[in-house]
Structures are given as structure tokens and as C-alpha cells.
Amino acid sequence: MLTSSLFKDAFGSEDVRLIFEDAELVAQYTRVEVALAQAQAKLGIVPQKAADTIAATVDPRRMDMQKFKADTENVGYPILPLVEQLSAQCGEAGGYLHWGATTQDIMDTALILQLRAALELIETKLSRTRELLAKLAAEHRDTAMAGRTHLQHALPVTFGYKVAVWLSMFDRHQARLDALRPRLLQVSFSGAAGTLASLQDQGLEVQRALAEELSLGVPDITWHTARDSLAEVLQWFGLVTASLGKVAQDVMLLMTDEIGEVMEPFVPGRGASSTMPQKRNPISCEIICANAKVVRQHAALMLDAMVQDFERATGPWQAEWFAIPESCQLTAGALEQAVFMLSGLEVRADRMQANLGISRGLIVAEAVMMAMAPHCGRQHAHEIVYEACRAVHASGETLAEVLLADERITQYLDEERIRRLTDPANYVGQAPEMVTRLLAARVAQ
């Protein structure tokens, strides 16, 4: 799906996809090899002239990609074939390419560079999603609607409150990203078994110099088979897309004909059926939910891939090659769909108001019970109101009408109080204040 000309831009994201295409991947491998030569030249390990020649001469665009592909399939890894071709490009200086490195050093460091670039793009999409949610929450702070638990009317809330709950998740995801970046964005340069033995007592100096060349952090110790940071970022992708899935699920349910309180943006033909002209299907929400399901599987795969043998894994490492690029693209794609959906979301406040009334006041039965509780005790009040609710179901009358006919209630509550208590708009609790508090906290950060 992520390479299909039909589907790749629906489920994925072009800018993130480019980061993981072959040309860019080979460019990153080359970038790491060049940076390594330059770092080692600064330390006097390889001749400066050789490093300069390498930097000026190697060009992955001049590689024989058919041969590179065949050799990679034969070797099982791309770095030996890469180094052979790049070395040939720069003549005698090529003898100093890949000095003291191992295949995984180059591949892991290139992956970190890819992830850094991808996370910058994903963060931009995340920020836009947060902005749109904050705008919706502020606009609909006081727009009353039915809150639903177990798919049934529970108590009134506001749409702004619902959106602010969504927003809170993504604000926390931003904080999580800020926290994980230093753990993730570290160079990998440790040599064959991770001990830097080939560079003797200069290995750690080269590691630091290479990290500086690439603006990456320096790990405390080799992470060839300690993959927790990579697993962590995949769990972050899982969290982000699962939260998007929660939003999409809510929107899809609110779009049903029976509820009809919000709608995805209208674009001629979008969500249309090949046979039912009336259809307006929740396309963005469906894609978001599908992406979220796949990313969750990749997040689990990365946890499995953490179980690696000795100093170089036999299989789990390759599993990452599926999980990481696809998760980056699917997360970016889900965020782009969310931005589209939220930027033009149709909020139907009139339908929300109408739906508040379909239970004939039952949605605020708790308000009546709590008003009576000081007079006759909470449990007795619950029993009386429970009976009144059953009467509403049986008679088709409103809750207010049933309450006004019950002397057990009117002895404590007059008509004005009963009608005020049975108006759902008067029982949204502190939902609006919660929205204000969340938005104020975001401004203060």
C-alpha cells in the first residue's frame, strides 16, 4: 500500500516516504561513511587528503544500482557492496573508507538520521493537529451535547470538552517526543563486536567526533543489540496513531445517520458509493483507523525484535527494517488525514441539541437525584428517581412531567426547580471550565 501508485498518498505521506526511498537511504549511508572519514582525519587516523578526496568524490548517484542490488541480495547486507563501489569512485583514497567500522554501525547511524528527519516532519503534522483541536475546543467550549457511556446517553457534556480530552492526549505525546529524542538520536559506531577494538585506544574519540560531524548524541555504551530506544519510538508511533484512532472512532460514530452531530469535510465525490448516491462515508477516519491498527502491530514487532542474541542479532534486526519505515509513513499519513478531517469538520450544534432531548429528560436523571439527596438521602432519592425513569420509558412522557406528578418529589422540589434540573444544558458540570484550564495551561507552557 505504501508503494502503490493508487494508495501510497492516502495511507502514507509523500515527504516522509521520500526519506525511506532507496536513493535517500543510500545517500544517508554515504553521508555516514564520509562523516566517518572526516572525523578520523581530524584525529589523524586517516590522511586529511584522503578524507577530502572521499568527501569531494563519492556520489551515490553514480553507483551501478543493478549491481548494488544483486550484491546486496548475495551478501545479505548493503554496506559491503556500497563500500566497494564508493571506494572505486575515489581511487587510492578509497582505501580509507569505512575505517574501523562495521556494517551495523553505518546502517544504524543512517537509520537514526532518517528517523531524525522523519520525526521533524511528523512533529510538524502533530503540531498542526494540536492547533486544530485547540481551536475546536475553544469554539465549542459551551456547545452542549450528549455524553455517552457504553454507547448510551450518560450525562450532558460539551463538544469542546470532548475535543479537549482528545487534545490532552496529543499534548502528552509532544512531551513524550521531547523526552525520547535524546535517547534515540545517538550515533552508532562501535566496531565488529561493539568494543571498538580495531581503533585501539582511539575508538571512543572517533565515536565522539563522528557524532559531532552528524550532530548526534554519544551513547554511554554500544547499542548494537540494545534496541530499547528504537522500540520506544515505535511505541510512540503506536500511541499517536491509537489516539488518532480514538478521535476517528468518535467522529465516525457521531457521523452515523442516527446521531449526525459531526461530519467530515465535504468534497464532491469524497466518500461516495458506487451504488448509493446518498452516501457520505467517513474516509479519513477509516484510513486513520486502518493505519493505527498496522502501527500497533509494528510496535509489538519492535518489542519482539528487542530479544536479540549475543552481540549481533540473527533475524530480529531485519524485522526492524519493516517496522520502522512503515510506521513512520503510516503515522505521518494518519496525521495528514486528521489535519484534513479536523480542518473542515462540520459541527452540527443543532443536531447535538436535538439529540439531548431524545431521552425526554432521562439524560439528567442524576441531577434530580442529587438535588433530592440532601432531603431524603442519596439511596432513597436514587430509588425514587429510578422509578420515575421507568415510568418515562413506559408512558412516553418527559421526565419533568413524571416528576411533577409524583408527590414524593414535589414535596422537596417545586416546578421551577424541576424544570431547571431537567434541562440538559444546565448539567454539563465543569466541562467548560476544564476546557479553559487545559487551553490556559497550553499557553503557559
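The values are calculated or read from the model by the stated rules, or taken from the named source; none is laboratory data. These numbers were taken from a predicted model, which means no experiment stands behind them. Virtual Cβ from ideal backbone geometry, glycine too; neighbours counted across all protein chains shown. Ligands, DNA and RNA are stripped out before the accessible areas are found, and what is left, the full protein with its side chains, is counted by its heavy atoms. Shrake-Rupley method; radii C 1.70, N 1.55, O 1.52, S 1.80 Å.
Go through R348, R312, R360, R296 for me and flag whichever is closer than 20 Å to L132 by Cα and among the basic types (K, R). One residue alone meets the criteria, R348. Close contacts from the range 149-168, counting a first residue that is touching a residue at least 12 places away in the same chain (Cβ under 8 Å) and of a type outside the set (S, T, N, Q) and a second that is in a strand (DSSP E or B) and surrounded by fewer than 24 Cβ atoms within 10 Å (Cβ to Cβ), with Cβ to Cβ under 6 Å and a gap of 6+ residues or different chains, come to H153/A146; A154/G147; A154/R148; L155/G147; V157/G147. Of all residues in the range 403-440, those satisfying the criterion of being under 48 Å from the mean Cα position of the chain (by Cα), of a type in the set (D, E, K, R) and either part of a helix (DSSP H, G or I) or at pLDDT 95 or above (or both) are R417, R419, R420, E433, R437.
Take the residues of the range 151-179 that are among the polar types (S, T, N, Q) and under 15 Å from the mean Cα position of the chain (by Cα): which is surrounded by the fewest Cβ atoms within 10 Å (Cβ to Cβ)? Step through it out loud before you land on a result.
Within the range 151-179, the subset among the polar types (S, T, N, Q) is 152, 158, 168, 174.
Keeping just the survivors that are under 15 Å from the mean Cα position of the chain (by Cα) gives 168, 174.
Working: S168: 17, Q174: 15.
Going through the qualifying residues, I end up with Q174.
Just wondering, is there one or more residues in the range 302-324 that are of a type in the set (G, A, S) and open to solvent by 30 Å² or more (accessible area, probe 1.4 Å)? Yes, because at least one residue in the range 302-324 is of a type in the set (G, A, S) and open to solvent by 30 Å² or more (accessible area, probe 1.4 Å). All of M255, M263 fail the test of being of a type outside the set (G, A, S), in contact (Cβ under 8 Å) with a residue 60 or more places away in the chain, farther than 21 Å from C328 by Cβ and touching a strand residue (DSSP E or B) at 6+ places or on another chain (Cβ under 8 Å), apart from M263. Does G217 qualify as being touching a Pro at 6+ places or on another chain (Cβ under 7 Å) and surrounded by fewer than 19 Cβ atoms within 10 Å (Cβ to Cβ)? The answer is yes for G217. Filtered by the rule that a residue be within 30 Å of V364 (Cβ to Cβ) and surrounded by fewer than 16 Cβ atoms within 10 Å (Cβ to Cβ), the range 101-150 gives K135, A138, E139, D142, T149, H150. Just one residue in the set E416, E401 is closer than 28 Å to I259 by Cα and open to solvent by 20 Å² or more (accessible area, probe 1.4 Å); that residue is E401. Kindly indicate whether any position in the range 270-293 is β-branched (V, I, T) and at pLDDT below 95. Yes, some residue in the range 270-293 is β-branched (V, I, T) and at pLDDT below 95.
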